[in-house]
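Peer 1: Sharing a structure, written as structure tokens. Questions coming.
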Amino acid sequence: MYGKNNCKTIIVLVFSLSFMFNLLAYLTYDASRAHLPFQEHVLQDHTRFIFSSEGQQARSENRLVNSFAPLAISEERTVKISAQQFLKARLKSPEVLSRKLQEEDTSNVDQDSSSTTIGNITNIHNPHNYDYVINQPGLCKGDNPLDLIIMVCTGVSAFVKRQAIRNTWGLYLKEQKSVKLIFFLGVQNESSIQKKVFKESNTYHDIIQENFRDSYRNLSLKSVGALKWMKDYCNVAKFGLKVDDDIFVNIPNLMDTLSKVTHPRIIIGHLFVGARPIKNRHSKWHTTKDQFPGDVYPPYVSGTCYIVSKQAAIDIYRVSLKTKLFWLEDIYITGICAEKAKIKLVHESEITFMRRDATGCAFERALTGHEVKPKEMFKIYNELRKPDLKCSLNDSYTEPTNFSTNLSK
């Protein structure tokens, strides 16, 4: 009898040790060899992080109720996560990797000191003195106050994308009289393209164009220009929505969210904390020490789409005039300048930099989705407008949680 009990005890110990060793192996999993389903999403946002590090776990426990908080990856691309996080990773899909943070202010975010984060890239005279090629100075004038100005940062030649927005989610503006829409552009050298832009502007009166070169490396200039335009020509709007031209926006859901916001100096978006500059020279987002001298970026939200309150937009623009330009737009605007201006950052997982399914049900409860092609915008919009649209819990959207507690404090 005792022998049988001893055998059972030994078997249990062996299985327990085996489980522990396997778990430890997973906790130091080498991401460079793994075919992680969400790896491409990390690359899209030019950051090197996926999970929180072990040292961050205790302080970030309130953000791990449903999923991971977006925190730093360790050196040498070795992902270190807690056992609790690992078990959740086995159950969660990439689309629900990020959930709403509980009460979160920038003062409570795990980050390095401002001297480490910002380094010597501040206190540089940086005037945004570009002239308007096309302007709509009277767009926001009128008797009714505006709740929102939507600023779509788009390429000069992206005619099809702009038209898709006008004919899909942009049509919601006819129902939302307190919302205006503009497309913000730089310039290119081709006169034939510019003639088409002039024609487009004369037709729709929603083009704002400054005379800086339109390029990926000048996205920070474009976003600064959009904030400047909001300050000078649309300061009656309570909020601005900066959005890329491959984003689908569920305007009714967005307006419902904005109705809960009372904080006067706030940015709402998909929050990243603990991201580090990319040192790989072959990477699209390679950043040198001269460009950013710090080791860790300040907390920032994805530049694909974010909400900025009027006062935050004004303060960030003013700070940018004395802050050396950094070419990664989201880090510069919502990270470096927002940190210097002491703007509150709030995470909203329904604003995602990841791709949702191109269906009405995937966007039924969402605020935005990324990488949406023009044809897909029409499909999503038409499905959302169906009065008999029926969606199940298995449809691809992020489960909603109570967001109102984040927005007023």
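Peer 1: For a Förster distance of 25 Å, can you work out the FRET efficiency between the beta-carbons of Leu389 and Asn144, rounded to the nearest 0.05?
Peer 2: Once rounded, the FRET efficiency stands at 0.25.
Peer 1: Now a separate question. Please tell me which of these pairs span more than 25 angstrom C-alpha to C-alpha: Lys228/Lys342; Lys141/Lys340; Lys279/Lys342; Lys284/Lys373; Lys161/Lys242; Lys242/Lys284?
Peer 2: Pairs exceeding 25 Å: Lys141/Lys340; Lys279/Lys342.
Peer 1: Using only alpha carbon positions, build the gyration tensor of region 276-388, then give the equivalent ellipsoid semi-axes as the square roots of 5 times its eigenvalues, largest first, whole angstrom.
Peer 2: 33, 19, 11
Peer 1: Related question: Counting only residues 5 or more places away or on other chains, whose amide H sits under 5 Å from the amide H of Tyr300 once H atoms are built in the peptide plane?
Peer 2: Phe272
Peer 1: From the C-alpha coordinates alone, can you work out the Kirkwood hydrodynamic radius of region 114-407, in Å?
Peer 2: For region 114-407, the Kirkwood estimate is 19.6 Å.
Peer 1: How much FRET efficiency would the formula 1/(1 + (r/R0)^6) give for Asn280 and Lys199, where r is the Cβ-Cβ distance and R0 is 60 Å, rounded to 0.05?
Peer 2: About 0.90, to the nearest 0.05.
Peer 1: Quick one: what are the phi-derived ³J(HN,Hα) couplings along region 326-336, Karplus 6.51/-1.76/1.60 with θ = phi - 60°, whole Hz, x for glycine and proline?
Peer 2: 10, 6, 7, 4, 5, 5, 5, 6, 8, x, 4
Peer 1: Under 5 Å between amide hydrogens, which residues at least 5 positions from Val133 or on another chain qualify, with H placed 1.01 Å from N in the peptide plane?
Peer 2: Gln209, Glu210, Asn211
Peer 1: Per 0.36 nm of contour for each residue apart, how much would the distance between Arg318 and Asp290 grow if the chain were fully extended, relative to their Cα-Cα spacing?
Peer 2: Length gained between Arg318 and Asp290: 7.8 nm.
Peer 1: Now for a different question. Give me the number: length gained by fully extending Lys342 to Asn167, i.e. 0.36 nm times residue separation minus the C-alpha to C-alpha distance, one decimal in nm.
Peer 2: Additional length available on full extension: 59.2 nm.
Peer 1: Could you check the simple spin-label distance between Arg217 and Asp131, using points 7 Å along Cα→Cβ, in nm with one decimal?
Peer 2: About 2.5 nm separates the two model spin labels.
Every number in this text was worked out from the coordinates using simple rules, so none of it is lab data. Remember, predicted model here, so these are calculated numbers, not experimental data. So basically every Cβ, Gly included, is an ideal-geometry build from the backbone, and we count neighbours across all protein chains shown.
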